[in-house]
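Data first, discussion second: the structure below is written as structure tokens.
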Amino acid sequence: MSVGQTIKHKTQAFKGRVTERIGRTTRTRRLRREGKTDRVSGNLKQSGDKAKDAFKP
């Protein structure tokens, strides 16, 4: 994958971690849920990119 996509996915995962921490600190379930969703989504996209690169000729 391109470097831009890799950075975008890592940024999404990082943003999710930060949002999740803020949700824990403020005890806001909505923020925790949104953070976890962003974090997991970013990590899955990174895994997909790694799989695509592994099978690239």
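The values are calculated or read from the model by the stated rules, or taken from the named source; none is laboratory data. What you are looking at is a predicted structure, and each value in this text was computed from that prediction instead of being measured. Glycine gets a Cβ as well: all are built from the backbone with ideal geometry, and neighbour counts include every protein chain shown. The area values use the complete protein model at the heavy-atom level, side chains included, leaving out ligands, DNA and RNA. Shrake-Rupley method; radii C 1.70, N 1.55, O 1.52, S 1.80 Å.
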Order of 20-29, 35-44 by packing, highest average Cβ count within 10 Å first? 35-44, 20-29
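Counting only protein heavy atoms, what percent of the accessible surface of the chain is carbon or sulfur at a 1.4 Å probe? Numbers along the way, then the final one.
Values: 2620 of 4610 Å².
The computed percentage sits at 57.
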Taking r as the C-beta separation of Gln5 and Arg27 and R0 as 30 Å, the FRET efficiency to the nearest 0.05 is 0.30
Can you count the Lys pairs in the chain with C-alpha separation below 20 Å, eight or more apart or on different chains? 12
Please calculate how many Å² of accessible area the chain carries per residue, with a 1.4 Å probe and no DNA, RNA or ligand atoms counted. 81
Over 12 Å apart: what share of the alpha carbon pairs of the chain falls there, rounded to a whole percent? 63
Counting pairs of alpha carbon atoms under 8 Å apart in space and at least six apart in sequence, what relative contact order in percent does the chain give? 40
So what's the angle, to the nearest 10 degrees on a 0 to 90 scale, between helix 29-54 and the longest Cα principal axis of the chain? 10
